[in-house]
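See structure below.
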Amino acid sequence: WDETHFGKMGSYYINRTFFFDVHPPLGKMLIGLAGYLSGYDGTFPFQKPGDRYEQHNYMGMRGFCAFLGSCLVPFAYLTVLELSKSLPAALLTAFILIFDTGCITLSQYILLDPILMFFLMGAVLSMVKYNSCADRPFSASWWIWLSLTGVNLAGAMGVKFVGLFVVLLVGLNTIYDLWDLLGNLSLSLVVFGKHLLARVLCLILLPLALYTAMFAVHFTVLNKSGPGDGFFSSAFQSQLIGNNLHNVSIPEYLAYGSVVTMKNLRMAGGYLHSHWHLYPEGIGARQQQVTAYLHKDLNNLWIIKKHDSDTADLSDPSSPVEFVRHGDIIRLEHKETSRNLHSHQHEAPLTRKHFQVTGYGINGTGDSNDFWRIEVVGRKAGKLVKVLRSQVRLTHVATGCILGSSGKTLPKWGWEQVEVTCTPYLKETPNSLWNFEDHINPKLPNISLDVLKPSFAEILLESHMVMIRGNSGLKPKDNEVTSKPWHWPINYQGLRFSGVNETDYRVYLLGNPVIWWLNLVTLGLYLLIAASTAVTLKRGVQLTSELKELSRVILHGGGQVLLGWLLHYFPFFMMGRVLYFHHYFPAMLFSSMLTGITWDTLLKFCAAFLSPSTTARKVYRAGFLALVLLIIYSFYLFHPLSYGMIGPMASDPSSPMAGLRWMDSWEF
Amino acid sequence: MLGFLKKPVVVTAEINVNVVALTVMGLISRLWGLSYPRAVVFDEVYYGQFISLYMKRIFFVDDSGPPLGHMLLALGGYLGGFDGNFLWNRIGAEYSTNVPVWSLRLLPALAGALCVPLAYQILVELQLSHCAALGAALLILFENSLITQSRFMLLESVLIFFILLAVLSYLKFYNVQRHSSFSGSWWFWLLLTGAACSCAVGVKYMGLFTYMLLLAMAGLHFWHMIGDQNISNVSLMCHFLARGLALVIIPMAMYLSFFYVHLALLYRSGPHDQIMTSAFQASLEGGLARITQGQPLEVAYGSQITLRNVLGKPVQCWLHSHTNTYPIRYENGRGSSHQQQVTCYPFKDVNNWWIVKDPGMQQLVVSNPPRPVRHGHIVQLVHGITTRYLNTHDVAAPLSPHSQEVSCYIDYNISMPAQNLWRVEILNRESDTDVWKTILSEVRFVHVNTSAVLKARGFIGASLPEWGYRQLEVVGEKLAKGYHQSMVWNVEEHRYGKSQEQKEREVELHSPTQMDISKNLSFMAKFSELQWKILTLKTEDTEHKYSSSALDWITMDTNIAYWLHPTSGAQIHLLGNVVTWTSANVAALGYVCLSLWYLIRRRRKIYDIPEGAWQLWVSAGGLCLGGWAVNYLPFFLMEKTLFLYHYLPALTFQILLIPVVLQHLSEHLCRSLLLKSMFSALIVAWFSSIYFVYRTFSPVTYGEPSLSVTELKALRWKDSWNILIRKQ
């Protein structure tokens, strides 16, 4: 399944070829490192799920992920122990995580999620630890935990942008902490300043430095041209060995008869592209599609022609070279299909208020709608057009609109390339600016271009912009059944990891339903208990010291964990991108910790009401044992989900999973 | 008994001249020359068509919001005797004489005018001085953008009116609460809060933000009550229930009632019918109801039916077949079964008719008594005109190779047996033995041999090439994950087949259906369907010449041209009072900074201002700044097309913040007498500048007098403003 992505990216690191992914690089670098250390040579193609690994050494990478995944259990155990000071609560949490089939499955394969969750839980654990060191500030252990928090935050951010939520959690916690210190009048302002500085240093500067360093390593390691080039600007590409722009020498000024590629200046804008396919019926005129395409391709080549003269005299080698000047009226002919770039007053396929752009004409003869005025930003009339460096605008002569890329992805008929339109709104945006990237003209002398070298800060900024664009570009396609955030906590539907048919070895990512539903119920229960505790305290009811301690645990400890759950779950409702079931797992960790704390407190409350008789302890122990046994038994039932199933589907009574398909939406 | 006679009957009337004067000024400023221009101004072109539809009682769906706002506008039209006959097709079109422009524009203008005294009252209730309250009202009065927006058939002024009313009545309620709980006025203001909230939500969904703010405030105040140990548990419970009733239950009921009135008013079928389900369409007069009226309810073996795909997007379509076959080889070289095509066809056609057949019997007529088809029954579907069986098999579908091809079976004797058994699954069944009902039942057809599900792939780009006449593709979906509307069908037209012979049956299929029984949906079913459609219907993400981003609004970097006189330079723009907007921003910034300063100082136990002043500062400022934040910040998360007028509710709250900050400054920061008088002088100067700007921009606010080119150029204070200058 997704091993094909991340395994492949691990290979890219080993081969040092440049690629593009929507996630920050740390997770894939670690996978690559693990593979490198365990002797994997980066040659396995990772083409489609289900391919056999054959002799390739993949165990290192899997083992690494599985190791990080198993670290989650002790982390959660220690966190809960620290928050609730109760061994049973911590044990319960640990049992839940050990016996959850979803967590097991997710950490068994080469995926980013175990790495992300490792750093995430690490950050939470160290945050809780340094909070409990608050009584001896500036001691060695306080410093260690504080800086460890910072390191883990950087790690979480570096694996996936979801790490941002845990940064938020730690940030809120720190603000609360500082506010507390500020109210403590026994501390002088100088001491408070020290506290503030220490936190700024460890929680802001340190993670930032690490994060930047991570990208520095990323760009140093990947110095060869690879499949991700097209996503980046021309300047960026000139840094990559093997790219056609690396140490390139091309003619400096644009001339008629040149073969060029045009790149949109929008971050992650594509090349102007066309292909034999026509726009489908009902979408403007049925002429040839013109799109923006992110990859390098022969169909990106265009020939620059004069608007009024023929092809013939330009191909004649003896004729003098004529340069294109600012304000000239030109015609762009697509090299492969010999059609002209054309626009007319039909509405564009997606952006209805813009005009459609098509390829029109046969062998270069079209009509007056093929004429474009070329203008260089910030230049006067008559100046020449520079390749790569000039920012160019193409104005359609007949309608006065400007050629631009709207950034929206076309449906299947357009091969999911990006829409190109002619916008009648004359706003100055990078969407409507282009530069010439490749430039082939045998009649002109080549010059070398080293001027473009971008600084590291620019590279960092650009790669982030590209990643954010890429992330928001992962839109669900029409009619595709996608996973909705509300499916997740109820364990509505899993993810098929491998194997579809009866004879395959099938692994299905699905949480242990007993545990997940227990978590769900606990959330409601927690809210009830917390609300009643808060009201009781607010009403000023006198409590024993034991109960006071319990209510502190439930409100403060539980509150922190609940906040973590909220932060890792609710933002998904607002995301427009494609969502998957496994996005819920960080939130699930918090939910499990909450379960541990809540049940322990609940049982203790029950025991407290029964005290001081001996039944109190019995009730407490029995309740705890029942929960643990329930979890273990359910794991016994569902363990084939993660360790693989062979044989008939669960709908068949002879299957080992028969009778366990409690919801119709589960597919095993 | 007659004791009351012993005392004289006295009526004392207390008239706050301030309020009266403000109301009069508000009315003058909003109602002045209301019917000018007699032409369609900006979004009137949009709301106007709905008013016309209300007048004609024709059903429509508007995805922009709930119906109360449209109904209020239509009320104006009703009172003015509008007959709905006007073609709302372009901005700037002259109104014909039958359009009562004045009364149509009256309600929004009244609402806008009443905002002025409301602002005054709110600040008074927040315990600010009358001077500050007067200032707030004047700021609202001289705000050009609010004036422009309330003078036309637009909803923002109505929304702002209800929002302010809700805030005011909550504050009144809260102040009454201090001395007399559960008194008459206590109940009145509490109920009014709920009612105003639901009206605000009913006008535009933006009202939800303020509703949430008030709920949060009510929650906070109640939380403080919990801490008060003088209140018994029982009375606490009563308080809680009263608030729940007035602030949650009643608003919900009112919201429902808006839809009830809406649906009661609009009973004729109209242009948006096809978005709704067949059941809904059948409940409207005309349209589908005319056809389906009197159809038999229960589908039986032998029934002749048309099957509509429930998705209905982008076009509604019916299961269809015709004599043409799939090409032997597609363009990309894949092969097909070469059997008869099955498609989904967006038009009514005789080829949309299918006959439900019992696999065990040969006959194609309904027996007497009819044997109804139930959930789980296995049926065959016979195409009426060609009498071929609906079939699917393990052949890749023409456009989506991952799914199975669906065809009408032709026996070519090439070891491709017929696989034409389908299991009927009724999705909205109440029990497992439910009968398949016309229109009402949502049905899934599961293929018995392969368990594929019949599915229409009805989005743009899924239409078949020339050989399939560009009809939509129908496939058997093997991996039917969960529920998706494209896999659900319902019977639309239905009759019991009577003719045994193929020739007779063709005649029968061509004849229109008629029979007995009519059915009606309950109000709740209609409401939930309409509500769901309003929330999920996505109009195309359009770009507009005057659309702007939320960030442009604070600094007013954008404007909207509402109307331009066809010959002269007279024009109307949505353009705010620059001084007010700037001072509102400064006030908000100042409030935040000062609050942080006070907060941190208080944390260190340094009290700069008396406790009462601090409470006032927090409560008044918190409300105004909170109102601004909840009405503004959510727009950063929205993906729809945004316009400057979306900012007006937030702006209103922000304007209310100015006097709060000013009063605080003059009372607590200007300590010497000299400073105080200087401050007052400054305020006076500032107010005159606001009035000056209001006067300067009033030609583009009211649309008259017409300005010359140089005057217009002089008005263009910001380069990003789009003032229309006619070329000579």
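The values are calculated or read from the model by the stated rules, or taken from the named source; none is laboratory data. Bear in mind that the values here come from a model prediction, so they are computed numbers and not experimental data. Please note: Cβ atoms are built from the backbone with ideal geometry, for glycine as well, and neighbour counts cover all protein chains shown.
Summary table
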quantity: Of all residues making up the range B:51-65, the number that are assigned to a loop (DSSP other than H, G, I, E, B) and surrounded by 23 or more Cβ atoms within 10 Å (Cβ to Cβ); calculated: 1
quantity: Single residue of the range A:174-191 satisfying the filter (among the small types (Gly, Ala, Ser) and more than 10 Å from chain B (Cβ to nearest Cβ)) that is surrounded by the fewest Cβ atoms within 10 Å (Cβ to Cβ); calculated: A:186
quantity: Total residues in the range B:683-707, condition loosely packed, with under 15 Cβ neighbours inside 10 Å and modelled with pLDDT under 90; calculated: 2
quantity: Number of positions in the range B:605-634 that are farther than 15 Å from residue B:212 by Cβ and surrounded by fewer than 13 Cβ atoms within 10 Å (Cβ to Cβ); calculated: 7
quantity: Candidates B:435, B:406, B:373 - the one that is under 24 Å from residue B:340 (Cα atoms), of a type outside the set (D, E, K, R) and modelled with pLDDT of 80 or more; calculated: B:406
quantity: Per-region count, the range A:567-602, residues hydrophobic (A, V, I, L, M, F, W, C) and surrounded by fewer than 21 Cβ atoms within 10 Å (Cβ to Cβ); calculated: 10
quantity: Matching residues in the range A:102-147 - criterion: being aliphatic (A, V, I, L, M), assigned to a loop (DSSP other than H, G, I, E, B) and under 23 Å from residue A:204 (Cβ atoms); calculated: A:134
quantity: Qualifying position, being surrounded by fewer than 19 Cβ atoms within 10 Å (Cβ to Cβ) and either under 22 Å from residue B:257 (Cβ atoms) or among the charged types (D, E, K, R) (or both), among B:205, B:170, B:211; calculated: B:205
quantity: Enumerated helices (runs of 4 or more DSSP H) restricted to the range B:179-272, each holding at least 2 residues that are away from every other protein chain (no Cβ under 14 Å) and of a type in the set (Val, Ile, Thr); calculated: B:184-203, B:250-265
quantity: Qualifying residue in the range B:304-313 (condition: over 26 Å from the mean Cα position of the chain (by Cα), in a loop (DSSP other than H, G, I, E, B) and modelled with pLDDT of 75 or more); calculated: no
quantity: Residue match in the range A:139-156 (condition: within 14 Å of chain B (Cβ to nearest Cβ), more than 30 Å from residue A:22 (Cα to Cα), exposed (fewer than 15 other Cβ atoms within 10 Å of the Cβ) and free of Cβ contacts under 8 Å to residues at least 60 places away in the same chain); calculated: no
quantity: Top-ranked residue of the range A:162-204 - restricted to ones that are over 30 Å from residue A:112 (Cα atoms) and in a loop (DSSP other than H, G, I, E, B), ranked as nearest to the chain's Cα centre (by Cα); calculated: A:184
quantity: Enumeration of residues in the range B:421-460 that are within 14 Å of chain A (Cβ to nearest Cβ), under 32 Å from the mean Cα position of the chain (by Cα) and not in a loop (DSSP other than H, G, I, E, B); calculated: B:444, B:455, B:456, B:457
quantity: Evaluation of residue A:269 against (1) closer than 17 Å to residue A:389 by Cα; (2) assigned to a strand (DSSP E or B) (one fails), failing number; calculated: (2)
quantity: Among (1) touching a Lys or Arg at 6+ places or on another chain (Cβ under 9 Å); (2) part of a helix (DSSP H, G or I); (3) touching a residue at least 24 places away in the same chain (Cβ under 8 Å) - the single one residue B:666 does not satisfy; calculated: (3)
quantity: Number of the condition not met by residue B:74 [criteria: (1) crowded, with 19+ Cβ neighbours inside 10 Å; (2) more than 30 Å from residue B:277 (Cα to Cα); (3) hydrophobic (A, V, I, L, M, F, W, C)]; calculated: (2)
quantity: Residue satisfying all of: in the range A:506-542; in a loop (DSSP other than H, G, I, E, B) and out of contact with any helix residue (DSSP H, G or I) (no Cβ under 7 Å at 6 or more places or on another chain); farthest from the other protein chains (Cβ to nearest Cβ) among these; calculated: A:542
quantity: Within the range A:345-356, considering residues that are in contact with a His (Cβ under 9 Å, 6 or more places away or on another chain) and part of a strand (DSSP E or B), the one surrounded by the fewest Cβ atoms within 10 Å (Cβ to Cβ); calculated: A:347
quantity: Some residue of the range A:383-396 being among the small types (Gly, Ala, Ser), surrounded by 21 or more Cβ atoms within 10 Å (Cβ to Cβ) and within 14 Å of chain B (Cβ to nearest Cβ); calculated: no
quantity: Subset tally (residues that are in contact with a strand residue (DSSP E or B) (Cβ under 9 Å, 6 or more places away or on another chain) and crowded, with 22+ Cβ neighbours inside 10 Å) for the range B:27-40; calculated: 2
quantity: Restricting the range A:62-72 to residues that are surrounded by fewer than 19 Cβ atoms within 10 Å (Cβ to Cβ) and not aromatic (Phe, Trp, Tyr), the residue that is farthest from residue A:4 (Cα to Cα); calculated: A:71
quantity: For residue B:607: the one exception among (1) touching a Gly at 6+ places or on another chain (Cβ under 7 Å); (2) over 27 Å from residue B:548 (Cα atoms); calculated: (1)
quantity: The range A:632-660: number of residues that are within 14 Å of another protein chain (Cβ to nearest Cβ) and either exposed (fewer than 14 other Cβ atoms within 10 Å of the Cβ) or at pLDDT 70 or above (or both); calculated: 2
quantity: Test set (1) within 14 Å of chain A (Cβ to nearest Cβ); (2) not in a helix (DSSP H, G or I) - residue B:599 fails condition number; calculated: (2)
quantity: Residue in the range B:642-652 that is at pLDDT 90 or above and more than 31 Å from the chain's Cα centre (by Cα) present; calculated: no
quantity: Qualifying residue in the range B:649-657 (condition: surrounded by 19 or more Cβ atoms within 10 Å (Cβ to Cβ), farther than 23 Å from residue B:559 by Cα and assigned by the TED database to the domain that holds residue B:142); calculated: yes
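Per-residue answers, yes or no, for (1) buried (at least 19 other Cβ atoms within 10 Å of the Cβ); (2) at pLDDT below 80; (3) touching a Ser or Thr at 6+ places or on another chain (Cβ under 7 Å):
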| residue | (1), (2), (3) |
| --- | --- |
| A:217 | no, no, no |
| A:223 | no, yes, no |
| A:231 | yes, yes, no |
| A:241 | no, yes, yes |
| A:245 | yes, yes, yes |
| A:262 | yes, no, no |
